[in-house]
Each structure stands twice: as C-alpha cells, then as structure tokens.
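> Below is a structure I'd like to ask you about.
The values are calculated or read from the model by the stated rules, or taken from the named source; none is laboratory data. This one's a predicted model, so the numbers in the text were calculated from it and none came from an experiment. All Cβ positions, glycine included, derive from the backbone under ideal geometry; neighbour counts span all protein chains shown. All accessible areas refer to the heavy atoms of the entire protein, side chains included, with ligands and DNA or RNA removed. Shrake-Rupley method; radii C 1.70, N 1.55, O 1.52, S 1.80 Å.
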Amino acid sequence: MFMEFFNSLLEGKLLGMKCKDCGSYTCPPKHTCNSCSSRNLEKTILSGKGTVKTYTITYVAPMGYEKEVPYVVALVELDEGPWIIGRLDVDPKIAEENDLTDKRVSIFAKEMPSEMFYPMKEKRIVPYFRIEG
Amino acid sequence: MRVAVIGVGMTKFGKHPDKSLVDLFADAFFEALEDANIELKNVEAIYFGNFVGEMTDGSANLSGFVADEVGLKNIPAIRYEGACASSSVAFREAVRAVKAGYYNCVAVGGAEKLLSAGTAIGTRALATAVDGVYEMTAGLTFPGVFALAARYYAKKYEIPLQKLREMMAYVSVKNHKYGAVNPKAQFYGKYGDLKVEDVLNSRMICSPLTLLDCCPMTDGGSAVIVANEKFAKEVCGDPVYVLGTGQASGGSLFRQGEDIIKAIPRKIAAEMAFREAKITPKDVDFVEVHDCFTIAEIIALEAMGFFEYGTACYATAEGVTSIDGDLPVNPDGGLIGKGHPVGATGTSQIYTAVKQLRNEFKWNQVKDARIAMTDTLGGDFGTLVNIILGVD
Ligand SMILES: [Zn+2]
C-alpha cells in the first residue's frame, strides 16, 4: 500500500490504519496492527502532527543520495502513537547546534529523484517534518 | 547428542581486491579443515553466509561455486542471508541440522567484500538492510540507525549527549587497542593507543557518530567446522561445545518505537540461548558482541542481560568490559578493531570464541575462559543471533 500512502501524503493526507480490535494506530499502513497483529483494520487519516524523538545529520550518503547531503533524518512520534521516519525540514547546522528533540512538527512530502535500487523507479516521495512555531 | 565446533579459520580482514568471494571462503575453509584435522570427504554440507554479493561483486548464487571451489562437488550447499548476521544464522541452522541427526559434520562460513566495493556502493549495499521503502526514501544509512539510537539513548536515560559521546568513545579505544594486537585484524598494528579525544574529534559521519565510532568496511572470509559429539571426539579429544543458541527477528526501526534502544529481538534471542545452555549471564566469561558502532556495543550488552538498561555506558567507561575487567568484551577487537566483512562476521566471532576457549588466543587471551557468548545483529534489529559456547 506504499504508493497510496505516498500519493496521499503528497496531497497533505497522512494515511494510517486503525485497529478495530485494540484501537491503536499503525502508520504507514501494514497488513497487521503494529500493536496486536490483528487484521481487523480500517483506513484512516491521521492528524499529521507529532513530536521529534531523535534525529541524525547524515554527512556520508549511499550511492544515489550523494547530492542530498547533509540531510537530517528523524524519528517522530505521531500524536496518535506510531513512530514514523522522515526528514526534518531544517538547516543541518541548526540541527547540529541545537537540541531539536521534543519539538512539535507537522508532516508533508517532497518529490525527489529516484535511484537504481529504489522500488519507485520514477521518483522518490520523501516524508518531511516542518518544525512548528 | 551434543554439537561441537572442531575447527576454525579466517582470512586476515582488510582489503582483498585480488580475491573473489569464493576465494575468501576457500582460504578460511581450508584453514578450518586443517585445524579440525579431518579429511575433505568428511564435510557433508556447506552453510554459507553472504549479504550483498550481488552489489559488491555482481554474484548471488554463490553456494554451489563455493562448494565446487573447495572440491566438494555435488554436496548440499546453501547461502544464508541475514544481513550482518548471515553466517551466524548459517551457523545456527547447521547446529540444528547436526543436532537433528541429518549430518555428522558440516562446514559453516561466510565471505564479503565491502572495502573493495568503495564507500558509495558499500554504504548503499549496507543500506539494503534497512526498510527498503520507508526508511530508504528518507536516506537512512547504517551509521544513521545507530546515530538515531545514540541520541535517543542520551535523551531517555538523561545523559548529556556530549557525556554519552565520551563514554561511547571508550568502546572504540578498547576495541582498537585489541584489534591492534590481533594479526588477523584489519587495523593490526594501528590505532592501538587511541584517545577518547581522537574519537570525538574524528570526521562526523552521522551526527553524533564520528568515523571512529564506526566499524570499517572490510573484505574477508571465515569458516568453522561443526560436528556431532561422537565424530568430534574421534578427531579431537576435547572440543568446544555449542551450549545454546537463540534467534529472533524485528521489523523496521520506526515500528519499534521507543524500543530502539532496548533491542527486544536481541533480548529474546539471548534469553533463548541462556535457557538452552541452562546458564545465566553471570556464568559467561567473555562475549563477542556486534559493535558495528560504539553505541551498538552498549545497547547489545544491556539487551543480552549483562547490564541494566541505561548503565552499560558507565560500565564501559569504568573498564568493566576490558580484558582484565569483570566481563571482557570483544577481545579480538570486535567489528571496530578487527573489521566487519558482513557475511563473514558471525563465524569470525565463533573463531575467536573457540580460540579463546582453547587458550590459543595468545595476543589477548581471557584468563580461565570456559564459557563464551557471541552476538550478531543483522539490520536495524531485524535479525538477531546469540550463541553460547563452552568447554568441559
Ligand atoms: Zn490492534
């Protein structure tokens, strides 16, 4: 379901699954609930808001990503519970010199060039987090 | 019937542009065969670990070529892939097959050529072990995984990041010190007197991890001979026995949430191995852990049950994990000092464990070692294997 997830994100909608058994959210979508493994799930749109839990400034990139360095990869805890990975939309210098953990963020998507081995051959869609306030 | 390791071999780790993956395995295999003092025809199957032969050498279907190269035509040969844990997965499967009675004697090993592949291909090849859709589009790399873990570790356990970086640096200082005296290590004769400041001040790779927080890219091969107790006793009086093994798996890093510093699959694998061996962490004399990055060694020791969560960093800085401490960790230099030829790493840990238990690791011997444990991690806590070895 990754194409649907990325295309929704380009339209500003964060697609997830809500578990009808335990009530918890799974995002991005998976065949099973990330908490209880149930398949009794329904699609839902999440708030797209969350909190930065940790991040890293990447200076050495893999082949195909060299032109993008330095970039900031972050793990964000969504308000609905799931953790999600993406990039922080921030100057790497600022990320290096300040502690950005616990910052409130909202999610959006950017289109970037694909690379030889990435499953989407035309382009990559990259989740980004914009720091609020 | 018990299962034993009766022979071990490994190439020097480092750069081998003149050797193929098959050559590297064969060099290690024949060293192990001679060490076991058995004949070629005694080996009934090959369990071969390789991670990214497709990307580094354009080769995937390697097991048949490996068997043919060593002269074992037509025997069952299987390639195992579990990222950095590939040959540990292969080892565990071999042990289970021998224990089940399918074979009396098999060979297990691995080979990888990441250094010769160059940094760009090597980094991309290693990144195939992260979630290929969601983590890859963000450009997550392997140093990135552990950089994320390091910053979260500092936050969660309320340690100033700079203080944690200093404590992490002790892992690099220690493992380089031991790698520098190990003739098979990539950094043999180098970096033996590294200082904490050297680690902190080396080039930033993925903040907060510097180059010296990371293991190197490495070419190398390793192999071990696994046999049942009956055959083992016929060829060598007192073999090293496999006391217990454990394995577990995990999904994408982001799916693990705050457990990214707890490595739950490793906790499960280690507990499985302890249960099978009928021992506790206190009984282990030394460990070979997967120190792909300095923070990785700290997280590993906690998840395996040797230290409480949030405390292995302090123990490391205090010297508890040094050769003369309570729990020597990575006396061969670990991945940081010895090198990390991914598919060969697991059985190279077995190599060290066996040599130590036989009292043959003269350049950095753990005193009176009777029980050793290995720990190999594939991916971002995706494949975890723990193995406990011991002598009677
Ligand atoms: Zn559920």
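> Considering every residue in A:81-91, what mean count of other chain Cβ atoms within 10 Å of its Cβ is obtained?
4
> Find the accessible area per residue for the protein assembly as shown; the probe is 1.4 Å, ligands and nucleic acids are left out, and the unit is Å².
It amounts to 37 Å² per residue over the protein assembly as shown.
> Calculate for chain A the 222 nm mean residue ellipticity that helices alone would give, adding -39,500 (n - 2.57) per DSSP H run of length 4 or more and normalising by residue count, nearest 500 deg cm²/dmol.
Roughly -3000 deg cm²/dmol at 222 nm, from the helical runs in chain A.
> Rounded to the nearest 0.05, what FRET efficiency is calculated for B:Asp18 and B:Leu40 with R0 set to 22 Å and r the Cβ-Cβ distance?
0.35
> Which one of A:Glu11, A:Glu68, A:Glu97 has the biggest mean-square fluctuation once chain A is modelled by GNM with Cα springs under 10 Å?
Among A:Glu11, A:Glu68, A:Glu97, the largest GNM mean-square fluctuation belongs to A:Glu97.
> Another one. Can you tell me the relative contact order of chain B? Whole percent, Cα pairs under 8 Å, sequence separation 6 or more.
Contact order relative to length: 26 percent.
> Ok, one more. Give me the Kirkwood hydrodynamic radius of the range B:168-297, using the inverse of the mean 1/r over all pairs of distinct Cα atoms, in Å to one decimal.
This gives a value of 17.9 Å.
> With just the Cα atoms of the protein assembly as shown, tell me how far they stretch along each of the three principal axes, in Å, largest first.
Its Cα atoms span 72, 48, 46 Å along the three principal axes.
> Turning to a different aspect of this structure: Are there DSSP H segments in chain B that both extend 24 Å or more along their axis (alpha-carbon positions) and score a mean Kyte-Doolittle hydropathy of at least -1.0? List them, or say none.
Flagged H segments are B:161-179.
> log10 I(q)/I(0), Debye, Cα-only chain A, no solvent, q = 0.09, 0.14, 0.16, 0.18 Å⁻¹?
-0.28, -0.67, -0.86, -1.04
> In addition: Take the residue pairs B:Lys19/B:Lys355; B:Lys174/B:Lys195; A:Lys49/B:Lys155; B:Lys190/B:Lys338; B:Lys12/B:Lys338; B:Lys177/B:Lys362 and return only those whose Cα atoms are more than 18 Å apart.
Table pairs above 18 Å Cα-Cα are B:Lys19/B:Lys355; A:Lys49/B:Lys155.
> Ok, one more. What are the ³J(HN,Hα) values, in whole Hz, obtained from phi via the Karplus relation 6.51 cos²θ - 1.76 cosθ + 1.60 with θ = phi - 60°, for each residue of the range B:185-201 in sequence order, with x given for Gly and Pro?
7, 4, 9, 4, x, 10, 6, x, 10, 4, 10, 3, 4, 4, 5, 4, 9
> Now a separate question. Below 14 Å, Cα to Cα, which aspartates and glutamates can A:Lys20 reach? Residues fewer than 8 away in the same chain don't count.
A:Glu42
> A further question follows. For chain A, calculate the relative contact order in percent as a whole number, restricting contacts to Cα pairs under 8 Å that are 6 or more residues apart.
Dividing the mean separation by the residue count of chain A yields 21 percent.
> Enter the Cα centre distance for the pair the range B:203-233 and the range B:337-384, rounded to the nearest angstrom.
8 Å
> Among B:Thr294, B:Thr376, B:Thr280, which one moves the most in a GNM of chain B with springs linking Cα atoms closer than 10 Å?
With Cα springs under 10 Å in chain B, the top fluctuation among B:Thr294, B:Thr376, B:Thr280 is at B:Thr280.
> What's the longest uninterrupted piece of chain B once you rule out the trypsin sites (Lys or Arg not before Pro) that are loop residues per DSSP with at most 11 other Cβ within 10 Å?
B:74-194
> Assuming R0 = 41 Å, can you tell me the calculated FRET efficiency for the pair A:Lys110 and B:Lys362, based on Cβ-Cβ distance, to the nearest 0.05?
0.15
> Leaving out same-chain residues fewer than 8 places away, which lysines sit with a Cα under 19 Å from that of A:Lys93?
Within the straight-line limit of under 19 Å, A:Lys93 reaches these lysines: A:Lys53, A:Lys67, A:Lys103.
> What is the distance in Å between the Cα centroid of the range B:12-73 and that of the range A:87-133?
The distance from the Cα centre of the range B:12-73 to that of the range A:87-133 comes to 42 Å.
> Only helical DSSP H runs with n ≥ 4 go in: add -39500 (n - 2.57) per run for chain B, normalise by residue count and round the 222 nm mean residue ellipticity to 500 deg cm²/dmol.
Roughly -11500 deg cm²/dmol at 222 nm, from the helical runs in chain B.
> For the range B:252-370, report the translational diffusion coefficient in µm²/s to the nearest whole number, using Stokes-Einstein at 10 °C, 1.306 mPa s, and a Kirkwood Rh over Cα pairs.
The calculation lands on 106 µm²/s.
> Compute from the Cα atoms of chain B the Rg and the Dmax, the latter being the longest Cα-Cα distance, and quote both in angstrom.
19.1, 58
> Sticking with this structure for a sec: Which of B:Gly333, B:Gly343, B:Gly122 moves most in a GNM of chain B, Cα contacts under 10 Å?
Its mean-square fluctuation being the largest, the pick is B:Gly122.
> Taking the alpha-carbon distance from A:Lys121 and a cut-off under 16 Å, which lysines remain once sequence neighbours fewer than 8 residues away in the same chain are dropped?
A:Lys110
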